[in-house]
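K.L.:
I have a structure here, written as structure tokens, and I will follow up with some questions on it.
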Amino acid sequence: MALISIPLPAHRSIQFNFSSLNGTIRLLSNRRVQLALMILVPILLLTVFRPFLPIPGPLETNLRAMTKPPSFVHLFGTDRMGRDILSRTLAGVQISMFVGFAVALLSLTVGLVMGTLAGFFGGVIDRVMMTITDIFLAFPSLLLAIGLVSVMGTGMLPVVLAISLSDVPRFIRLQRSLVLSLRSRAYIDAARTVKASQMWLMTRHIVPNTLAPLLVAASIAAANAILVEAGLSFLGLGIMPPAPSLGNLIRDGQTYLEQAWWISTLPGAVILLIAISLHFLSDGIRQVLDPRSRK
Amino acid sequence: MLTYSFKRLVQLFVTVLGVVTLVFFTMRLIPGDPISAMAGDNLSGAALDQMRGQMGLNDPLPVQYLTYLGRLAVLDFGTTVTTKLPIVGLILGALPVTVSIALGTIFLTVLISIPLGTLAAYMAHKGNRMLDNIITGVAMVLDLMPPFWTSLVCLLIFSLTLGWFPASGTVSLDDPAMLLRRIALPVLVLSMAQIATLARITRTSVLEVLNEDYVRTARSMGWSELHVLFRHALKNAALPIVTVIGLSFGNLLNGTVIVEFIFTLPGIGNLLVGGMNSRDYQMVQTLIVFYAMIFVAINFTTDLIYRVFDPRVQF
Amino acid sequence: MKFSSRSWLSAAFLAGATLLAAVSPARVSAAAEDKTLIVRFYDDPAGFDPSNIFRIENENIAFNIFSGLTTYDSKTGQIVPDLATSWETKDNVTWTFHLRKGVQWQKGYGEFTAADVLYSYKRVLDPATASPYVSELTGIDTMEAPDPYTVVIKLKAANGGFLHTVANYHQGQIVKKEAIEAAGGQVRWKPVGTGPYYLDSIDVNSRIVLKRHDGYYKGPAPIATLDFHIIKDDATAAIALRNGEIDLLMRQSKEEQLQILKDAGFKMNHVDNYASSIKVMNLSDPILKDVRVRRAIAYAIDYPAITAAIAPTLQAPAYSMLMPWMDVFSKDAPEYKYDPEKAKKLLAEAGYPNGFTLKSLNTSAQGVTEQQQFEIDYLSQVGIKMELELVDTPTFNQRRNKGDFMTATRLLPAVNPDMILFSYLHPDNIAPKGLNGARYNNPELTSAIEAARAEADPEKRMGLYAKAQKIAMTDLPYIPALANNVYWPSKPNVTGVNINYLAQVNFWEVDK
């Protein structure tokens, strides 16, 4: 499966509060974030309002319009069963986006909590946690996916769990390394000498400073999850139609590449757009959160 | 350092044991066993049970587990459950293929992404974001294309239309020319995803170093831009880059599954998927143990490198 | 790794031969005789021990290595002599086979005799062999060889289909005692038979090489070497054929790839109606136990329209569990042609005017197929909500064998119609013990097939089989969906690719 690329954390002491209005405005005024939203928002709107658009439903077959190239009637063309690809793509976006965000959220939350605990307290907790993450990292994600799908059946939950299970250890390790390097920083030492409580140190000084790289990693994980789901679909382990994920659409269409390029290429292009804007979003967040790379 | 290494080795052992146990029980929790995997459309339940007894699959689980651990302790990896072939032989036969793909991919990736990332960082540092954006953009698009799709497109273009590379054919180390032609496309497909990652990390690391004082000093001492970039900046940014390369090697072994399937290469991924599909417990367990050991070894080395180079990190 | 050095040698040899050919024209024919056919093989081989063989692709290799007392004609599917030149029976109980003389075993194991036949059958019957095909031979009471070229088999009960049992397939394939003993635990990788080709070498991950058995009783095959390359992906296999890397593509199962190959001028070797694909109705299910519900499902789906839309080449509509080319096929059984109104009426009569939920167990190997999506579509039009349970293949097989499903699909690949009827409809074979996954038990049908098996008079036998088919299609424990066709596209110069009704090719007939 695709490698989750987690950009190296910028080891900086930045004081930034997410919930502040100021932060949100700065985020929204970032060019990359704007670009990402310009792509994501219309796609999401179209997805949400798909039932009201003048296009056939994603499951409606039409034996009189089989394998038709893109036209004004079918903007993305039709597949072998005469189903409208645009409609199917939009339905697929819904599913794929859900998978992406569910994986990102799950990995981020678990990674944040466990990684902070491991990094901050060290000792036995750290060792046990690292051993467990090692075991999971050393376990091919594909096997995890096959196992989960076999036990739970094919569906949204096993796919999200399978992808998250291989992401979580990476998030824990990332968070741990962030906490480790922050803990050894001089200003934390200073705070320690004034006998600040552990809790206060963690919540006020350490965790907020790890959010930037974690969020960056999360948005990339979301983009990756969409692609990994596509790969799982290719191996027959992904989310099953008739409600199609984007991965399914590409898979179904890829063997028709020579006769009907649009079946897999157009949904593929939409995946690309979404994934790219998620990367832009991650870049934007990093730029806003890390003043030094904001140039 | 010695105590640390020893502690770490104990931890490694625990990790591998954990993986062994996890895989053993996961495989048996999953519905279906080697016999049901073999059954096609004309074998009855009674006929299958007959074979099950023959293969010792009806023994109690703890007995099977202890037998397995006992054999593992003396490095006896056994034979495949259904086809009775020695597993170590199969893995040793498949390893060269997968390792060639992985090494080829790393080679191509490093060759392209390090200069690209360095250049992008330099441009960004100089305030010219144009090239930076183009490089990042192109790398991103390549990175995000599903490998099973790009594989087929590559086959259609390079194999069918241009006829540069064969789509099938035997691979072996004895025939390096054929091996190279056969792994060229998978390497290309896998590199697409890796290049983006590595170029981004190179760019970030080099950009950070370019802002450091000593680079400024080097520059003010009159070194040429190229010299500063490659001798000072890149060298000092090398650590995270090397780490990522190490980690991605472990990941590549995992990622070759799809390309091995499409390009019909008899590598480790092929064995793993085949083993999973035929529920060949012995095969999957052994592969995972191998995989875990490689992974753990890479991790160990990475940790050591970190420790040597970055004394701030405490363990 | 041994292959490449060998192929290098043979390349050197070929080069040498070419040089010689340039010098003396007389050598040309000798070089031309050393033809190699490269064939696509679509999965990892699982071994070729007849007592434990699985899956068509492995069976096809074994089909060319071994022989049976009888075999199937490649074109008609009829039983023809193989190692036995003739046979006689008066009552379908005692069978006398006269064996061919002078048949040579491969790899120098001497001449084939009656002792080999007895050994082969006893081996399958031996519990230590744990052969899944043992039940095929348990009907044998006594076997003897009055002389080296005669075998007399006495059955416990009359069986008109016994010639299928001794055919070149599974338990019917004759092995050599000495070769089996020499192979020890590796019998599946060291097959020795009397067929047209012997196994030369194998790399389980990539390649199987068969060489011509020069002492084959019908004379040496035209092709000297069969080189099977494992190519799992169908699209890749098609590209390999178009690139000229392979000569013959064993089984292309993607409709769109077939279209491309056809348009590109490749030869489309095929066999039609090789097996029917059926929907197994679990009769212990409270809803499906009502025959009206089962008929409603059959009426609700327009399979001819589905096949025409998605796979006109690879599939055809089917209305029976048996295929029209089988000798006992009957046209008088009821057929269920698409009629949604009738389906709705039947559902209402059965007490489901608003339909119900039909859970269908399927393998996830191909994801949700277009056929399944159409089925969902058609069934929803009469109010039936079909839900797919997709599980991976081993799980699917296990649950299907246990009978743990509401409805599931099965393919019925067989040349012996009697075997199909017995396995799927006889109460002795109810799942999980046997293949009767519908748990169907109708004494009237049971006595019809039992009587048919024992009946020596062909006409009466046919009547009994027709009756059985009529009852089966009236009760409808299995709904016939489609007939499958098998395609082996090849280069235009490849001849004699006759796919039999077991979807196998006898390579002795193939040339290029």
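K.L.:
Of these, B:Thr82, B:Thr67, B:Thr21, B:Thr15, which one is away from chain C (no Cβ under 14 Å), buried (at least 20 other Cβ atoms within 10 Å of the Cβ) and under 26 Å from B:Ile268 (Cα atoms)?
P.N.:
Working: B:Thr82 fails: away from chain C (no Cβ under 14 Å); B:Thr67 fails: buried (at least 20 other Cβ atoms within 10 Å of the Cβ); B:Thr21 fails: buried (at least 20 other Cβ atoms within 10 Å of the Cβ).
Residue meeting the stated conditions: B:Thr15.
K.L.:
Among the residues of region A:243-271 satisfying the criterion of being open to solvent by less than 40 Å² (accessible area, probe 1.4 Å) and facing chain C (nearest Cβ under 8 Å), which is nearest to A:Thr78 (Cα to Cα)?
P.N.:
A:Tyr256
K.L.:
Could you grab me the full set of residues in region C:362-379 that are among the small types (Gly, Ala, Ser) and in contact (Cβ under 8 Å) with a residue 24 or more places away in the chain? Steps first, please.
P.N.:
Residues of region C:362-379 that are among the small types (Gly, Ala, Ser), as a first pass: C:364-365, C:367.
Within region C:362-379, C:Ser364, C:Ala365 meet the criteria.
K.L.:
Could I ask something else about it? Report yes if C:Ala182 is outside any strand (DSSP E or B), open to solvent by less than 10 Å² (accessible area, probe 1.4 Å) and out of contact with any Phe, Trp or Tyr (no Cβ under 8 Å at 6 or more places or on another chain), otherwise no.
P.N.:
Working: outside any strand (DSSP E or B): yes; open to solvent by less than 10 Å² (accessible area, probe 1.4 Å): no; out of contact with any Phe, Trp or Tyr (no Cβ under 8 Å at 6 or more places or on another chain): yes.
Taking the combined requirement at face value, the residue does not satisfy it.
K.L.:
When residues of region B:135-170 are filtered for being free of Cβ contacts under 8 Å to residues at least 60 places away in the same chain and not in a helix (DSSP H, G or I), how many remain?
P.N.:
Kept after step one, since they are free of Cβ contacts under 8 Å to residues at least 60 places away in the same chain, are these residues of region B:135-170: B:137-138, B:140-146, B:149-150, B:153-154, B:156-166, B:169-170.
After this cut, where a residue has to be not in a helix (DSSP H, G or I) as well, the list is B:144-146, B:162-166, B:169-170.
Summing the residues that are free of Cβ contacts under 8 Å to residues at least 60 places away in the same chain and not in a helix (DSSP H, G or I) in region B:135-170 gives 10.
K.L.:
Mind checking which residues of region C:305-362 are touching a strand residue (DSSP E or B) at 6+ places or on another chain (Cβ under 6 Å) and part of a strand (DSSP E or B)?
P.N.:
Once the filter is applied, which keeps residues that are touching a strand residue (DSSP E or B) at 6+ places or on another chain (Cβ under 6 Å) and part of a strand (DSSP E or B), region C:305-362 yields C:Gln315, C:Ala316, C:Thr357, C:Leu358, C:Lys359, C:Ser360, C:Leu361, C:Asn362.
K.L.:
Separate question: Would you be able to say whether some residue in region C:136-155 is among the β-branched types (Val, Ile, Thr) and either under 20 Å from the mean Cα position of the chain (by Cα) or outside the structural domain of C:Ala62 (by TED's automatic domain parsing) (or both)?
P.N.:
Within region C:136-155, the first condition is being among the β-branched types (Val, Ile, Thr), and the residues that meet it are C:138, C:140, C:142, C:150-153.
Applying the additional criterion that residues be either under 20 Å from the mean Cα position of the chain (by Cα) or outside the structural domain of C:Ala62 (by TED's automatic domain parsing) (or both) yields none.
Scanning region C:136-155, I find no residue that is among the β-branched types (Val, Ile, Thr) and either under 20 Å from the mean Cα position of the chain (by Cα) or outside the structural domain of C:Ala62 (by TED's automatic domain parsing) (or both), so the answer is no.
K.L.:
For region C:445-464, check the following and say yes or no: at least one residue is within 14 Å of chain B (Cβ to nearest Cβ) and within 19 Å of C:Val280 (Cβ to Cβ). I'd like the intermediate steps shown before the answer.
P.N.:
Taking region C:445-464 and keeping what is within 14 Å of chain B (Cβ to nearest Cβ), we get none.
No: zero hits.
K.L.:
Across region B:106-165, what is the number of residues that are open to solvent by 60 Å² or more (accessible area, probe 1.4 Å) and β-branched (Val, Ile, Thr)?
P.N.:
Here the count works out to 5.
K.L.:
Could I ask something else about it? Can you name the residue in region B:50-64 that is within 14 Å of chain C (Cβ to nearest Cβ) and open to solvent by 80 Å² or more (accessible area, probe 1.4 Å) and, of all such residues, is farthest from C:Ala130 (Cα to Cα)?
P.N.:
From region B:50-64, those within 14 Å of chain C (Cβ to nearest Cβ) are B:50-58; that's our starting set.
Narrowing further to those that are open to solvent by 80 Å² or more (accessible area, probe 1.4 Å): B:54, B:58.
Details: B:Gln54: 7, B:Asn58: 14 Å.
Here the residue is B:Asn58.
K.L.:
Let me ask something else. Need the failing condition index for A:Phe136 against (1) within 9 Å of chain B (Cβ to nearest Cβ); (2) open to solvent by less than 20 Å² (accessible area, probe 1.4 Å); (3) touching a residue at least 12 places away in the same chain (Cβ under 8 Å), just the number.
P.N.:
(2)
K.L.:
Go through region C:304-328 and report how many residues are open to solvent by less than 50 Å² (accessible area, probe 1.4 Å) and away from every other protein chain (no Cβ under 14 Å).
P.N.:
Result for region C:304-328: 8.
K.L.:
Also: Of all the helices (runs of 4 or more DSSP H) wholly in region B:198-309, which have at least 2 residues that are within 14 Å of chain C (Cβ to nearest Cβ)? Show your work before the answer.
P.N.:
Details: elements: B:213-220, B:238-262, B:268-277, B:281-309.
Result: B:238-262, B:268-277, B:281-309.
K.L.:
When the residues of region C:406-420 are narrowed to those that are within 19 Å of C:Leu482 (Cβ to Cβ) and among the hydrophobic types (A, V, I, L, M, F, W, C), which ends up most open to solvent (accessible area, probe 1.4 Å)? Break it down stepwise before answering.
P.N.:
Step one: list which residues in region C:406-420 are within 19 Å of C:Leu482 (Cβ to Cβ), which gives C:407-415, C:417, C:420.
Narrowing the set further to residues that are among the hydrophobic types (A, V, I, L, M, F, W, C) leaves C:408, C:411-412, C:414-415, C:420.
Details: C:Ala408: 1, C:Leu411: 35, C:Leu412: 5, C:Ala414: 6, C:Val415: 14, C:Ile420: 3 Å².
Per the criteria, the residue is C:Leu411.
K.L.:
Considering only region C:241-291, state which residues are touching an Asp or Glu at 6+ places or on another chain (Cβ under 7 Å) and within 14 Å of another protein chain (Cβ to nearest Cβ).
P.N.:
To start, the set of residues in region C:241-291 that are touching an Asp or Glu at 6+ places or on another chain (Cβ under 7 Å) comprises C:250, C:252-254, C:257, C:260, C:291.
Correct list: C:Met250, C:Gln252, C:Ser253, C:Lys254, C:Gln257, C:Ile260.
K.L.:
Only residues that are more than 9 Å from chain B (Cβ to nearest Cβ) and of a type in the set (Asp, Glu): list them for region C:203-226, please.
P.N.:
We begin by selecting, within region C:203-226, every residue more than 9 Å from chain B (Cβ to nearest Cβ); these are C:208-226.
Residue satisfying the conditions is C:Asp214 alone.
K.L.:
Going by the structure shown, is C:Gln257 closer than 30 Å to C:Gly437 by Cα and crowded, with 21+ Cβ neighbours inside 10 Å? Can you show your working first?
P.N.:
Working: closer than 30 Å to C:Gly437 by Cα: no; crowded, with 21+ Cβ neighbours inside 10 Å: yes.
No.
K.L.:
Do you know which residues across region C:266-297 are in a helix (DSSP H, G or I) and open to solvent by 10 Å² or more (accessible area, probe 1.4 Å)? First the steps, then the outcome.
P.N.:
Step one: of region C:266-297, the residues in a helix (DSSP H, G or I) are C:291-297.
Scanning region C:266-297 gives C:Val291, C:Arg292, C:Arg294, C:Arg295.
K.L.:
Looking at region B:124-133, can you tell me whether even one residue there is away from every other protein chain (no Cβ under 12 Å), within 30 Å of A:Arg32 (Cβ to Cβ) and either under 21 Å from the mean Cα position of the chain (by Cα) or part of a helix (DSSP H, G or I) (or both)?
P.N.:
Step one: of region B:124-133, the residues away from every other protein chain (no Cβ under 12 Å) are B:130-131.
Now restrict to residues that are within 30 Å of A:Arg32 (Cβ to Cβ): B:130-131.
Keeping just the survivors that are either under 21 Å from the mean Cα position of the chain (by Cα) or part of a helix (DSSP H, G or I) (or both) gives B:130-131.
Within region B:124-133, one or more residues are away from every other protein chain (no Cβ under 12 Å), within 30 Å of A:Arg32 (Cβ to Cβ) and either under 21 Å from the mean Cα position of the chain (by Cα) or part of a helix (DSSP H, G or I) (or both).
K.L.:
Checking C:Ile246 against (1) over 21 Å from C:Gln504 (Cβ atoms); (2) assigned to a loop (DSSP other than H, G, I, E, B), only one condition comes out false. Which one?
P.N.:
Just one mismatch for C:Ile246, condition (1).
K.L.:
Right, another one. How many residues are within 11 Å of another protein chain (Cβ to nearest Cβ) and modelled with pLDDT of 85 or more if we restrict to region C:409-421? Quick ask: steps written out before the conclusion?
P.N.:
Keep residues of region C:409-421 that are within 11 Å of another protein chain (Cβ to nearest Cβ), which gives C:409-414, C:416, C:419-420.
Narrowing further to those that are modelled with pLDDT of 85 or more: C:409-412, C:416, C:419-420.
Residues that pass the stated criteria total 7.
K.L.:
Tell me, please, whether a residue that is modelled with pLDDT under 95 and either touching a helix residue (DSSP H, G or I) at 6+ places or on another chain (Cβ under 8 Å) or assigned by TED's automatic domain parsing to the domain that holds C:Val497 (or both) can be found in region C:65-72. Reasoning before the result, please.
P.N.:
Taking region C:65-72 first, the residues modelled with pLDDT under 95 are C:72.
Those still in the list that are either touching a helix residue (DSSP H, G or I) at 6+ places or on another chain (Cβ under 8 Å) or assigned by TED's automatic domain parsing to the domain that holds C:Val497 (or both) too: C:72.
Yes, because at least one residue in region C:65-72 is modelled with pLDDT under 95 and either touching a helix residue (DSSP H, G or I) at 6+ places or on another chain (Cβ under 8 Å) or assigned by TED's automatic domain parsing to the domain that holds C:Val497 (or both).
K.L.:
Part of a helix (DSSP H, G or I), touching a Pro at 6+ places or on another chain (Cβ under 8 Å) and either open to solvent by 50 Å² or more (accessible area, probe 1.4 Å) or touching a residue at least 60 places away in the same chain (Cβ under 8 Å) (or both) - does that describe any residue in region C:447-462? Lay out the reasoning, then the answer.
P.N.:
Initial filter on region C:447-462 (part of a helix (DSSP H, G or I)): C:447-454, C:458-462.
When the remaining residues are screened for being touching a Pro at 6+ places or on another chain (Cβ under 8 Å), the result is none.
No, region C:447-462 has no match at all.
K.L.:
Do we find that B:Thr67 is hydroxyl-bearing (Ser, Thr, Tyr) and in contact (Cβ under 8 Å) with a residue 40 or more places away in the chain in this structure?
P.N.:
Taking the combined requirement at face value, the residue does not satisfy it.
K.L.:
If you don't mind, another one. Considering only region B:171-185, I want to know if a residue exists there that is within 14 Å of chain A (Cβ to nearest Cβ) and either out of contact with any Ser or Thr (no Cβ under 7 Å at 6 or more places or on another chain) or touching a residue at least 24 places away in the same chain (Cβ under 8 Å) (or both). Before you say what the answer is, go through the steps one by one.
P.N.:
Going through region B:171-185, the residues within 14 Å of chain A (Cβ to nearest Cβ) turn out to be none.
Among the residues of region B:171-185, not one is within 14 Å of chain A (Cβ to nearest Cβ) and either out of contact with any Ser or Thr (no Cβ under 7 Å at 6 or more places or on another chain) or touching a residue at least 24 places away in the same chain (Cβ under 8 Å) (or both), which makes the answer no.
K.L.:
Restricting attention to region C:213-228, which residues are out of contact with any strand residue (DSSP E or B) (no Cβ under 6 Å at 6 or more places or on another chain) and either of a type in the set (D, E, K, R) or in contact (Cβ under 8 Å) with a residue 40 or more places away in the chain (or both)? Don't jump to the end; show me each part of the working.
P.N.:
Applying the first criterion (out of contact with any strand residue (DSSP E or B) (no Cβ under 6 Å at 6 or more places or on another chain)) to region C:213-228 yields C:214, C:216-219.
Once the filter is applied, which keeps residues that are out of contact with any strand residue (DSSP E or B) (no Cβ under 6 Å at 6 or more places or on another chain) and either of a type in the set (D, E, K, R) or in contact (Cβ under 8 Å) with a residue 40 or more places away in the chain (or both), region C:213-228 yields C:Asp214, C:Tyr216, C:Tyr217, C:Lys218.
The values are calculated or read from the model by the stated rules, or taken from the named source; none is laboratory data. Given the structure is predicted, the values throughout are model-derived calculations rather than measurements. As a convention, Cβ positions derive from the backbone with ideal geometry for all residues, glycine included, and neighbour counts pool all protein chains shown. Side chains are part of the model used for accessible areas, which takes the heavy atoms of the whole protein and leaves out ligands, DNA and RNA. Shrake-Rupley method; radii C 1.70, N 1.55, O 1.52, S 1.80 Å.
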